[in-house]
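See below for the structure under consideration.
The values are calculated or read from the model by the stated rules, or taken from the named source; none is laboratory data. Since this is a predicted model, take the numbers as computed values, not measurements. Positions of Cβ are backbone-derived with ideal geometry, glycine not excepted, and every protein chain shown enters the neighbour counts.
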Ligand SMILES: [Zn+2]
């Protein structure tokens, strides 16, 4: 599976909760560095589709106010 497909499946699985890129990367064990960037690229790509929304909000995992992604 591609990172984008993995991230999409994960975000769908926690619907309707929203999660930030850091928590998505951690949860999927994408680690840090380039993998974390891959998680961000994946959520940015998903937000271009009508199935996902990426906006400022509170992350359901870490509770921080930041850019979070959720499935519609
Ligand atoms: Zn978070």
- Task: Taking residue 43 as the residue in question, decide whether it is in contact with a strand residue (DSSP E or B) (Cβ under 7 Å, 6 or more places away or on another chain), within 16 Å of the ligand (Cβ to nearest atom) and modelled with pLDDT under 95.
- Result: yes
- Any chance residue 6 is away from the ligand (no atom under 14 Å from the Cβ), assigned to a strand (DSSP E or B) and surrounded by 13 or more Cβ atoms within 10 Å (Cβ to Cβ): no
- Query: In region 46-72, how many are within 13 Å of residue 4 (Cβ to Cβ) and either within 12 Å of the ligand (Cβ to nearest atom) or in contact (Cβ under 8 Å) with a residue 60 or more places away in the chain (or both)?
  - Reply: 1
- Task: Could you check, for region 43-56, whether at least one of its residues is over 11 Å from residue 69 (Cβ atoms) and part of a helix (DSSP H, G or I)?
- Result: no
